[in-house]
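Structure, as structure tokens:
The values are calculated or read from the model by the stated rules, or taken from the named source; none is laboratory data. Every value quoted in this text rests on a predicted model; they were computed, and no experiment measured them. Here Cβ is always computed from backbone atoms with ideal geometry, including for glycine, and neighbour counts include all displayed protein chains. Calculation scope for accessible area: heavy atoms of the full protein, side chains included, ligands and nucleic acids excluded. Shrake-Rupley method; radii C 1.70, N 1.55, O 1.52, S 1.80 Å.
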Amino acid sequence: MDERFADQTVIRRMLWDSETWAFVGLSDNPTRTVHGQARLLQERGKKIIPVHPDRAPVLGEQAYASLAEVPVPIDVVGVYRRASAAGEVVDEAIKAGAKGVWLPLDVIDVAAAERALAAGLDVVMDRCPGVEWSLRHRR
């Protein structure tokens, strides 16, 4: 993996300095990885925003069908979709004015990540936020 997408300074900044994470693909299904990651970051003080077509509230938070509908600034977009759909989500994150995108384990789209970098966003790819948080022992 290209080390540009696993930069430790960027990972720390996204984990510690961010306030609002929009999780694309977050539904109220607690068996999904995205649900656990959103809950973990919520428990660590992050504002989470579910983004899912069904718009059902998740973890006590109002959901939106798309990033364009989110009415507050977004620090990080968690791209919890298949890699084949990641590029579209990254492009939406750029248009929405997000500060960064996080593509979790096995969600790899180098072209989309490069577009995000070119647009000035922070990018982490093929990393798990929960694992990265635990590695830094900051709670």
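Cβ-Cβ distances below 6 Å connect the following pairs, each with a first residue in region 19-47 that is on the phi > 0 side of the Ramachandran plot, a second residue that is open to solvent by less than 60 Å² (accessible area, probe 1.4 Å) and assigned to a helix (DSSP H, G or I), and a separation of six or more residues or different chains: Gly25/Val34.
Residues in region 48-78 that are touching a residue at least 40 places away in the same chain (Cβ under 8 Å) and among the β-branched types (Val, Ile, Thr) were compared, and the one that is nearest to Pro104 (Cα to Cα) is Val77.
For Gly130, state whether it is open to solvent by less than 30 Å² (accessible area, probe 1.4 Å), modelled with pLDDT under 95, at negative phi and not in a loop (DSSP other than H, G, I, E, B). Yes; evaluated as a whole, the condition is true for this residue. Within region 97-118, the residues that satisfy the criterion of being outside any helix (DSSP H, G or I) and either modelled with pLDDT under 95 or open to solvent by 60 Å² or more (accessible area, probe 1.4 Å) (or both) are Lys99, Leu105, Asp106, Ile108. All but one of (1) touching a residue at least 12 places away in the same chain (Cβ under 8 Å); (2) open to solvent by 60 Å² or more (accessible area, probe 1.4 Å); (3) not basic (Lys, Arg) hold for Thr9; which doesn't? Among (1) touching a residue at least 12 places away in the same chain (Cβ under 8 Å); (2) open to solvent by 60 Å² or more (accessible area, probe 1.4 Å); (3) not basic (Lys, Arg), the lone unmet condition for Thr9 is (1). Annotation: Ile94 fulfils all but one of (1) surrounded by 14 or more Cβ atoms within 10 Å (Cβ to Cβ); (2) in contact with a Ser or Thr (Cβ under 7 Å, 6 or more places away or on another chain); the unmet one is (2). Residues that are touching a strand residue (DSSP E or B) at 6+ places or on another chain (Cβ under 9 Å) and either open to solvent by 70 Å² or more (accessible area, probe 1.4 Å) or hydroxyl-bearing (Ser, Thr, Tyr) (or both) within region 73-87 comprise Pro73, Tyr80, Arg81, listed in sequence order.
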